[in-house]
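Report on one structure; see the data block that follows.
The values are calculated or read from the model by the stated rules, or taken from the named source; none is laboratory data. Just so it is clear, the model here is predicted, and its values are computed rather than measured. For neighbour counting, all protein chains shown are included, and Cβ atoms are generated from backbone atoms with ideal geometry for every residue, glycine included. Side chains included, ligands, DNA and RNA excluded: accessible areas come from the protein's heavy atoms. Shrake-Rupley method; radii C 1.70, N 1.55, O 1.52, S 1.80 Å.
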Amino acid sequence: MSRVTIAPEEDRLNTQIAFAIEIDKLKRIIRRNHLIDGSRRENTAEHSWYVGTLAMVLGEHAPPGTDLQRVVAMLLVHDLVEIDTGDTFIYDPVAVSAQAEAERAAADRIFGLLPADQTAWMRELWDEFEARTTPEAKFAKALDRFAPILANHHTEGGTWPLFKVTAAQVREKVRIIEEGSPTLGSYASELVELSVARGHLSE
């Protein structure tokens, strides 16, 4: 009896399909932020789609010469590690302190499911986002930080009062937004001050 073998290209496809099945799990990772209509909490897949779309819509506010296609790609993959680690609340210092090591291990496993060339490409995008040294990564991180501020402002503070987040803590995140886009940073700063004035965010 002859042994059935899988052609290299078919093997590659099967590997890619296995990755596609794995990343579907991102849809079940629930974040703390609510949807802007306040109806429920968002999942991480929704967040990734949202900020990726914001990169296209708000791209004119990125530094001149920013590669927006790279920004979108970065935002689509930046939270895939949450399949293993779950969502880390950025205002929880204990969780944040353990985040980097856990997410690196998750990146090794998840991106490692792909064919070698795609593993290298996606891991490069993820590492670039985490390092935040390029204009693309700074703009991507700015959008990642901008989205929750926008949502919390439009849901009467959202997670801020629930987790006793202060205006000073949020202003620290605004500085990250300013690094990637002064325009969005200024807008986010206005939202923070409005939220304080309305009593939705405490000093």
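Here is how the numbers come out for the structure above:
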quantity	calculated
Scattering profile of the stretch 73-172 at q = 0.12 Å⁻¹ [log10 I(q)/I(0), Debye over alpha-carbon scatterers]	-0.46
Where the Cα pairs of the stretch 12-198 fall when distances are cut into 5 Å bins, in %	1, 8, 16, 20, 21, 17, 10, 5, 2, 1, 0, 0
Accessible area per residue in Å² at 1.4 Å probe, computed on the chain	53 Å²
Ranked by how many other beta carbons lie within 10 Å on average, peptides 123-129, 11-17, 160-166 from highest	123-129, 160-166, 11-17
Expected 222 nm ellipticity per residue - DSSP helices of 4 or more, -39500 (n - 2.57), all of the chain, to 500	-20000 deg cm²/dmol
Values of log10 I(q)/I(0), in the order q = 0.13, 0.17, 0.23, 0.26 Å⁻¹, for the stretch 29-102 under a Debye, Cα-only, solvent-free model	-0.48, -0.77, -1.07, -1.14
Whole-Hz ³J(HN,Hα) from phi, Karplus 6.51 cos²θ - 1.76 cosθ + 1.60, for the stretch 39-51, glycine and proline x	6, 6, 7, 8, 9, 5, 4, 5, 4, 4, 4, 5, 5
The stretch 97-146 - convex hull of alpha carbons, volume per residue in Å³	79 Å³
Over the stretch 119-203, equivalent-ellipsoid semi-axes from the Cα gyration tensor in Å	27, 13, 9
Carbon/sulfur fraction of accessible area - the chain, other protein chains in place, 1.4 Å, %	56 percent
